[in-house]
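The structure appears below as structure tokens.
The values are calculated or read from the model by the stated rules, or taken from the named source; none is laboratory data. Just so you know, these numbers come straight off a predicted model, no measurement behind them. All Cβ positions, even for glycine, are placed from backbone atoms using ideal geometry, and neighbour counts span all protein chains on display. These area figures cover heavy atoms from the full protein model, side chains too; ligands, DNA and RNA do not enter into them. Shrake-Rupley method; radii C 1.70, N 1.55, O 1.52, S 1.80 Å.
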Amino acid sequence: MTAQLPLGLRWPRRQRFEHFHAGANAAALAAVQMLATQTGAPWVYLSGTTGSGKSHLLMAACQAAHEVGRTVQYLPLKNFREHFMAIRGIAGSQFIALDDLDALAGEREAEHALFDLYNRARAEGTALIFTAQATPAQLPLILPDLRSRLGACTQFALKPLDDEERRDVLKQQAALRGIELDDAVLDWLFARYARDLGALLDLLDRLDQASLAAQRRVTVPFLRAFLRETGQPSH
């Protein structure tokens, strides 16, 4: 379940520390950077809603740990619902990232496996980082000892960027591509398209290519036609 994959597939290009727009999450970013690159740094537990940047920071940490020569394993638990016991097979890595702990909460055997991994990692000097939508105190865990272990991590509740911050990021990223996004385009986009920053930046990449191919500015009519022609979901 943790077979090695080509680096480019494992750690998406945009999910790097330099592409993380911290906003109110600067302390969390600094703690994750330290954990990824320095031995002995405190373990980190990130909580937050979808779109708050949890997986982005986890992927960025894996990439950074790899770049300083550490062996890395990443386990997206929501994709392993029928294979939680793969946790028992994790061994030999210096940096282990476990995404979406919510998925195994309430699964007794999986919780025991995670508890054992935690203790083994502590004994072996392995670095661990966790994410979940809820804090350890809020997770519906069966094992009190596991809750206690997770609660001992350095915890951060990530806050999504607000609309104004997202608009600023989009303007900055558009400017780097030579695209001018005026307020009318952003107003239309934010009223009708998903506001997750990752989705917005992916859309910006596609708009960049489309506007260059068409030799047209990104205007509301161009954006409307592009979303209609490409079947992109909008509200």
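Using only the C-alpha atoms, the convex hull of the chain corresponds to 138 Å³ per residue. For the chain, the solvent-accessible area works out to 49 Å² per residue, with a probe of 1.4 Å and every protein chain left in place.
Ordering Lys54, Lys171, Lys159 by how much accessible area each has at a 1.4 Å probe, largest first, what is the list?
Details: Lys54 20, Lys171 80, Lys159 120 Å².
Correct descending sequence by accessible area is Lys159, Lys171, Lys54.
Ignoring ligands, DNA and RNA, what percent of the accessible area of the range 22-137 is carbon or sulfur (1.4 Å)? Write out the running numbers ahead of the final one.
On the way: 2290 of 4590 Å².
With neighbouring chains kept in place, the figure for the range 22-137 is 50 percent.
Computed from backbone phi with θ = phi - 60° and the Karplus coefficients 6.51, -1.76 and 1.60, the 3J(HN,Hα) list for the range 96-104 is 10, 10, 10, 9, 6, 4, 3, 5, 9 Hz; x is used for glycine and proline.
With 0.36 nm allotted per residue and the present C-alpha distance subtracted, the Arg217-Ala134 stretch has 25.6 nm of extension available. In this simple spin-label approximation, Ala225 and Asp116 carry label points 7 Å from Cα along the Cα→Cβ vector, and these lie 6.1 nm apart. Taking amide H positions as modeled 1.01 Å from N, with prolines and chain starts lacking one, no residue 5 or more places away or on another chain lies under 5 Å from Leu161. For Ala127, the residues 5 or more places off, or on other chains, whose built amide H falls under 5 Å of its own are Phe95, Ile96. From its DSSP helices (H runs of at least four residues, each -39,500 (n - 2.57)), the chain gives a residue-normalised ellipticity at 222 nm of -14500 deg cm²/dmol. Take the Cα of Thr49, step 7 Å toward its Cβ, do the same at Glu124, and the gap between the two points is 3.8 nm. Once the C-beta distance of Ala24 and Val68 is scaled by a Förster radius of 35 Å, the resulting FRET efficiency is 0.80 to the nearest 0.05.
Taking every protein chain into account, the 1.4 Å probe leaves Phe17 with about 30 Å² of accessible area, to the nearest ten. Straight Cα distances below 18 angstrom link Lys159 to the lysines Lys54, with same-chain residues fewer than 8 positions distant left out.
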